[in-house]
Amino acid sequence: MAALSDIGVIGLAVMGENLILNMESKGFQVTAYNRTVDKVDNFVNGRAKGKNITGAHSIEELIGSLKSPRKVMLMVKAGKPVDDFIELLIPHLDKGDIIIDGGNSHFPDTERRVNYVESKGLRYIGTGVSGGEEGALLGPSIMPGGSKEAWEEVKPIFQGIAAKVDDGAPCCDWVGDGGAGHFVKMVHNGIEYGDMQLICEIYQLMKDVLGMNADEMHEIFKEWNEGELDSYLIEITRDILAYKEDGTPIIDKILDTAGQKGTGKWTGTVALELGIPLTLITESVFARCLSALKDERVAASKVLTAGPKPSFDGDKKQFIDQLRDALYAAKVISYAQGYQMMRSAAKEYGWELNYGNIALMWRGGCIIRSRFLGNIKEAFDNNPDLTNLLLDPYFAEKIQACQDGLRKVTATAMLNGIPVPCLSAGINYYDGYRTERLPANLLQAQRDYFGAHTYERLDQPRGKYFHTNWTGRGGETSSTSYGV
Ligand code: 2AM
């Protein structure tokens, strides 16, 4: 009889298969199962041939092949399939066994499943797995959360297969209770949306304002990737710009409508629910939505013809340096917003998040991997209670050095009629965050005028509320006193 397996994986789509092959290559024995059982045999006799991978043809066979405490990882479509498999697994599992969901589940679902599975005497982990198909095979970023006592059991496997950075540190650590792992994965995806849109805005400025061609832009991204912008997304942008089809850059032939699978939207929605100004990421989601209205945009371009035509008569080299600074500054702001949201969620959901470790988990293996995440890790390691990344001494100096570039680039874009929703969200946040006195005094006055919502005063202690009878008709009753 074959040795018992260290882990069972359900779901033989590419991500599942690649994770299994990764686990096996790190010395773990794995059992593979799939709803459509034919795929089990195809896999075992194909990519898994000759490896320490066992195929199971039923849930019973899968469960019977596992070492105790049993670990079963779901790599199936998010949503109902995860709940269905949990129901199928529960009757076969014993106290202390662990169900792991490695798919792209929304964190409230994971939060609910942790409670449910724990109520059955079992343990549950919901984990973000990032890095796409290649990451799954060679080393993804893994963000697990859920039943804390299960962590020691799965740690050797997860850290064994995760990407490693510089000093060999794995891009995987315990994130927190409940849905914390999938929450952090969701923020990761939102940040990915923001990073991508920022690069796209810079690209459009290079192309339409500076009139650069794909080869020229390729050279700039190549240079940037050797400096502090060094990251996977800059690297692939560099390579995309160099890619030719029949001698011409393929980028010039690709339709300008963006798709989305919804995880960026979740990030924006949750930010609104938490009341966090996650402006840059949210604009990046809307930018995709606007891009999708291709037919409307084509029609509008014939009607709304008033507006500047791009032109540039300044110092091109200087503007390219400003573009680099703008990209860096906006990226710092986007991450600052993402971290602010994680802090707020931790408070709301009672999670103890280690922000430095989160940066380390994203440092390698995933789409947003970058050199700069090493600096973010340092910032939170130096001060785990940092309120805002922009206030860390390193980043405060950096953002102040680069803000002028972001400002000039955004202004130039607007004067040239180039839409830059994310760059402008970045500079607006920077200026908003550092403004001691915003015009919300007027806003409070308006609210008090029409709704008797009251206001606090600069010349009185915080927490004391005042109402003015603005028109002489409203009386002295404030809304709090009549309970609206
Ligand atoms: P399948 O091969 O039987 O379709 C990615 O789609 C993975 O999720 C596949 O392993 C797929 O199984 C599984 N999957 C998709 N929908 C499912 C469902 N409703 N129930 C169970 N597994 C499902």
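The values are calculated or read from the model by the stated rules, or taken from the named source; none is laboratory data. Remember, it's a predicted structure, so these values are computed and weren't measured experimentally. We place every Cβ from the backbone using ideal geometry, glycine too, and count neighbours over all the protein chains shown. Accessible surface is based on the protein model in full, side chains and every heavy atom, while ligands, DNA and RNA are left aside. Shrake-Rupley method; radii C 1.70, N 1.55, O 1.52, S 1.80 Å.
Just a few scattered comments:
- Among the conditions (1) open to solvent by less than 40 Å² (accessible area, probe 1.4 Å); (2) under 27 Å from GLY194 (Cα atoms); (3) not polar (S, T, N, Q), the only one that LEU438 does not satisfy is (1).
The rows are residues; the columns are (1) more than 31 Å from the chain's Cα centre (by Cα); (2) within 12 Å of the ligand (Cβ to nearest atom); (3) open to solvent by 30 Å² or more (accessible area, probe 1.4 Å); (4) of a type in the set (Ser, Thr, Tyr).
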residue	(1), (2), (3), (4)
PHE43	yes, yes, no, no
SER58	yes, no, yes, yes
ARG70	no, no, yes, no
ASP83	no, yes, yes, no
GLU87	no, yes, yes, no
ILE99	no, no, no, no
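- Those helices (runs of 4 or more DSSP H) of the stretch 15-98 in which at least 3 residues are more than 25 Å from PRO156 (Cα to Cα), modelled with pLDDT of 95 or more and out of contact with any His (no Cβ under 9 Å at 6 or more places or on another chain), considering only elements entirely within it, cover 38-45, 80-89.
- Scanning the stretch 1-34 for residues that are more than 10 Å from the ligand (Cβ to nearest atom) and open to solvent by 40 Å² or more (accessible area, probe 1.4 Å) gives MET1, ALA2, ALA3, LEU4, SER25, LYS26, GLY27.
- Within the stretch 101-128, restricting attention to residues that are among the basic types (Lys, Arg) and not in a strand (DSSP E or B), the residue that is farthest from the chain's Cα centre (by Cα) is LYS120.
- Members of the stretch 342-367 found to be buried (at least 24 other Cβ atoms within 10 Å of the Cβ) and more than 24 Å from GLY132 (Cα to Cα), listed by number: ALA345
- Failed condition for LEU62, given (1) over 28 Å from the mean Cα position of the chain (by Cα); (2) among the aliphatic types (A, V, I, L, M); (3) crowded, with 20+ Cβ neighbours inside 10 Å; (4) within 12 Å of the ligand (Cβ to nearest atom): (4)
- Every condition in (1) surrounded by fewer than 20 Cβ atoms within 10 Å (Cβ to Cβ); (2) in contact (Cβ under 8 Å) with a residue 40 or more places away in the chain is met by VAL37 except one, and the failing one is (2).
- For beta carbons closer than 8 Å, sequence separation of 6+ or different chains, a first residue in the stretch 293-309 that is among the small types (Gly, Ala, Ser) and a second that is open to solvent by less than 70 Å² (accessible area, probe 1.4 Å) and not in a helix (DSSP H, G or I), the qualifying pairs are GLY307/GLY417.
- Leading residue by the ranking (surrounded by the most Cβ atoms within 10 Å (Cβ to Cβ)) among those in the stretch 368-388 that are in a loop (DSSP other than H, G, I, E, B) and not hydrophobic (A, V, I, L, M, F, W, C): ARG369
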